1. When DSSP assigns beta bridges and you keep just the ones with both residues in the chain, what percent turn out antiparallel, to the nearest 5?
2. Local charge sum around residue 24 (other residues, Cβ-Cβ under 9 Å, Lys/Arg +1, Asp/Glu -1)?
3. Tell me which GluC sites (Glu not before Pro) from the stretch 111-165 have a DSSP coil assignment and no more than 14 other beta carbons within 10 Å of their own.
4. Which loop-located GluC sites (Glu not before Pro) does the stretch 1-102 contain, where loop means any DSSP state but H, G, I, E or B and the Cβ has at most 13 other Cβ atoms within 10 Å?
5. Counting residues in the stretch 3-95 as N, plug N into 2.2 N^0.38 Å and put the Cα Rg over that result.
6. With a point put 7 Å past each Cα toward its Cβ, work out how far residue 45 is from residue 172 in nm, to one decimal.
7. Can you give the Kirkwood hydrodynamic radius for the stretch 106-168, in Å, rounded to one decimal and based on Cα pairs?
8. Among [x] 0.97; [y] 1.06; [z] 1.00, find the value of Rg/Rh (Cα atoms, Kirkwood Rh) that was calculated from the structure presented, and write down its label.
Amino acid sequence: MTPESLISVGRVVKSRGLRGEVVVRSLSDDPERFKTFDEVVVTADDGTSSIYKLESVRTHPRKGGLAEIHLRLEGVDSREASDALRGSLLTVPLEKLELHEDEHFLFDLVGLSVVTDQGEPIGRVADVRPMPAQNIIVIATDDGRETLIPDISEFVDKSKLDDGELIITPIDGLLSD
């Protein structure tokens, strides 16, 4: 596995219990995906990586729609071992993630042309920032400005992603100063 073929799916936030279980904050919109993984690559803050087989995965719904994920990793069987993983990034090979028909990766949006629903060119997607309520699409406009658009269906139409376009429906004030 090369780093280019890996995608981040979570981060270890803390230990749970005395037998090495870790609590993970999911970076995926579907925490149940963890149940489809056989193993994960765990990368510590110092850049060292190890592959761990998943022994168990449990998801626990929390307020605000976010789920807490409890993982048992093979070979991590003490509180000290799980504490050592705190802050580590969990990644999996890109091909292990199955997307539904209407799903996409956020990085797939970067670089797309942005046009209004009237066909007026606006610029290109420079970034997508995950936020608690919804993602924010950062558009580098053709006139050199940066515009932030909430990634909600009232403003963003993704039906032409395969054509390299993101269509937005601007309302008053959305694109102007």
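1. If we restrict to bridges inside the chain, about 90 percent are antiparallel.
2. +1
3. Listed in order of number, the matching sites are 154.
4. Listed in order of number, the matching sites are 74, 98, 101.
5. Taking the Cα Rg and dividing by 2.2 N^0.38 Å, one obtains 0.99.
6. For residue 45 paired with residue 172, the spin-label model returns 5.0 nm.
7. About 11.5 Å, per the Kirkwood formula over Cα pairs.
8. Checking each listed value against the structure points to [y].
Every read-out reported here was derived from the displayed coordinates using simple, explicitly stated rules and does not represent laboratory data. It should be emphasised that the depicted structure is a prediction, and the values quoted were computed from it without experimental measurement. Every residue, glycine among them, receives a Cβ derived from its backbone with ideal geometry; neighbour counts consider all protein chains shown.
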